[in-house]
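Where a number appears in this text, it was derived from the coordinates with a stated rule and is not lab data. Given the structure is predicted, the values throughout are model-derived calculations rather than measurements. For neighbour counting, all protein chains shown are included, and Cβ atoms are generated from backbone atoms with ideal geometry for every residue, glycine included.
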Amino acid sequence: MTRVDFYILPSGDPDARLTVACRLAEKAWRQGMRVYLHCQDAPQRERLDACLWSFKGEAFVPHDARETDAEAQVALGLGDDPGSHNDLLINLALTVPGFYERFARIAELVVEEPSIRQAARENFRFYRERGYPLQDHRLPRL
């Protein structure tokens, strides 16, 4: 069954989610997992792309837009088609994507910004009502 982890960040900055997404993607990629980062919109995906290039001075996470390279080990996507990815979904959208069930793990990233926090509560209820095992991780300041 899919495992769902909620990462709670002590920040009101929505872009703090991108830094955590980069860290999670790097860790999963190093473990040989295929990672799909589901973005809310094109501007968020552009910021995430830039962050993956620079979030860590000594590290680089090879990645590509899902539409450019469907087989990229780390893919940044929009819309309803994660391609053949099914290991880790990092959800940066405010709703649960329709394809969530195909993934072994899901990461939901939460900051103290009211609209993101409310969306996370609704996503938590969604998963809980369907019986998914839920974990929350309270992260220290970045």
Review point. What is the distance in Å between the Cα centres of segment 16-45 and segment 52-115?
Key: 5 Å
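For a protection proxy built on the mean count of beta-carbon atoms within 10 angstrom, sort 89-96, 51-58, 134-141, 73-80 highest first, please. Display every interim value, and only then the final one.
On the way: 89-96: 20.8, 51-58: 13.1, 134-141: 10.9, 73-80: 18.8.
Taking the mean over residues of other Cβ atoms within 10 Å, the ranking is 89-96, 73-80, 51-58, 134-141.
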Practice item. Let me know the shape class of segment 17-60, please: from the alpha-carbon gyration tensor, a ≥ b ≥ c as square roots of the eigenvalues, rounded when a/c is under 1.5, otherwise prolate if a/b is greater than b/c, or oblate. Key: oblate
Revision key, fill the gap. For segment 80-93, in residue order, the Karplus 3J(HN,Hα) values (coefficients 6.51, -1.76, 1.60; θ = phi - 60°; whole Hz; Gly and Pro = x) are 10, 10, x, x, 8, 5, 7, 7, 10, 9, 9, 8, 9, 6
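Quote the relative contact order of segment 1-108 in percent (integer), defining contacts as alpha-carbon pairs under 8 Å separated by 6+ residues. Walk me through the numbers on the way to the answer.
Values: 175 pairs, mean separation 38.6, N = 108.
Answer for segment 1-108 is 36 percent.
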Check your understanding: Which whole-Hz ³J(HN,Hα) couplings does segment 30-37 yield from phi under the Karplus relation 6.51 cos²θ - 1.76 cosθ + 1.60, θ = phi - 60°, glycine and proline marked x?
Key -> 5, 8, x, 7, 8, 10, 10, 9
**Study point:** Label point 7 Å beyond Cα of residue 125 along Cβ direction - residues of segment 88-106 with amide nitrogen under 17 Å
**Key:** 94-97
**Study point:** For segment 114-119, Karplus couplings with θ = phi - 60° (6.51, -1.76, 1.60), whole Hz, Gly/Pro x
**Key:** x, 5, 6, 4, 5, 4
